[in-house]
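Bear in mind that the values in this text are calculations on the coordinates, not laboratory data. Model, not experiment: these values are computed from the prediction. Counting neighbours? That spans all protein chains shown, and the Cβs are built from the backbone with ideal geometry, glycine included.
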Ligand SMILES: Cc1cc2nc3c(=O)[nH]c(=O)nc-3n(C[C@H](O)[C@H](O)[C@H](O)COP(=O)(O)O)c2cc1C
C-alpha cells in the first residue's frame with residue numbers, strides 16, 4: 001500500500017514484454033486483461049452432420065454498421081476453432097445473468113454436448129440459445145490469424161434482443177451482473 005495525499009492506494013501490478021517477446025509472463029498478462037469487464041457470449045454453429053457445437057467467448061465486439069459486421073476471437077489451439085473455420089454460418093448468443101451454467105458448459109475442454117440445452121434454429125442452422133439477452137445470426141466472413149487466435153468476422157443476417165433480460169458479466173474471472 002502507498003499513501004497518496006493521505007489515501008491508501010494498492011501498488012499497481014505491471015506487465016511488460018519488451019520487443020523480443022521472450023519469457024512473456026503470461027499469467028500477469030492474462031491478469032491484466034481480466035480487468036476488462038465484459039459480457040459473455042456463446043458462439044455456436046452446426047457441423048456438416050447438423051451436430052451443434054459452441055464455445056464460450058468474451059472476445060466479441062461490433063466491427064461495422066454498414067455492412068453490419070461483428071468479430072469474435074477464437075483460440076487456435078481449440079479443436080472447435082477448426083470447426084468454426086469450416087462453418088458458413090454461426091450465431092453469437094449474448095448470455096443473460098442466469099446463464100452461468102451455459103457459460104461453464106461451453107467453456108469445457110471435453111465432454112461438451114447440447115443435452116438439455118434449449119435452442120432454436122433460424123434460417124441458417126446455427127443454434128440460437130433460448131434465454132439469451134441477444135442473439136446475432138451471422139454468415140462467416142474472413143477469418144484472420146493473429147498471434148495464437150483467429151479473428152472471426154461475421155456479417156449479421158438477423159439479430160434479436162430481449163429488453164426485459166439483464167446480461168451476464170465477467171470480470172477478473174468472476175461472473176457478475178448489473179445491479
Ligand atoms: C467467461 C469466459 C470467456 C472466454 N472467452 C474466450 C474467448 O474470447 N476466446 C477463446 O478462444 N476462448 C475463450 N474462453 C475459453 C473457451 O471457452 C474454452 O474454455 C477454451 O477454448 C478451452 O477449450 P478447448 O479445450 O477447446 O481449447 C472463455 C472462457 C470463459 C469461461
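On full extension of the chain, what length is gained from residue 20 through residue 35, given 0.36 nm per residue of separation minus the C-alpha to C-alpha distance?
Values: separation 15, 0.36 × 15 = 5.40 nm, distance 2.49 nm.
Full-extension gain reported as 2.9 nm.
Taking 93, 77, 49 in turn, the Gaussian network model of the chain (Cα-Cα springs below 10 Å) assigns the largest fluctuation to 49. Here the sum of -39500 (n - 2.57) over DSSP H runs of 4 or more residues, divided by the residues of the chain, equals -3000 deg cm²/dmol at 222 nm, to the nearest 500.
Take every pair of alpha-carbon atoms less than 8 Å apart whose residues are at least six positions apart; their mean separation over the length of segment 39-174 yields a relative contact order of 30 percent.
What do you get for Rg/Rh over segment 120-179 if you use C-alpha atoms and the Kirkwood form of Rh?
Radius of gyration relative to Kirkwood radius: 1.05.
Relative to one another, the C-alpha centroids of segment 115-151 and segment 47-68 are positioned 4 Å apart.
When the chain is treated as a GNM with alpha-carbon contacts under 10 Å, the residue of 39, 18, 154 showing the greatest mean-square fluctuation is 18.
For segment 39-174, the calculated P(r) over all alpha carbon pairs, in 10 Å bins from 0 to the bin holding the longest distance, is 13, 47, 36, 5 percent. Just checking the listed ones, 53, 150, 119: in the Gaussian network model of the chain with Cα springs under 10 Å, the one fluctuating most is 119. Measuring r between the beta carbons of residue 108 and residue 157 and using R0 = 30 Å, the FRET efficiency lands at 0.60.
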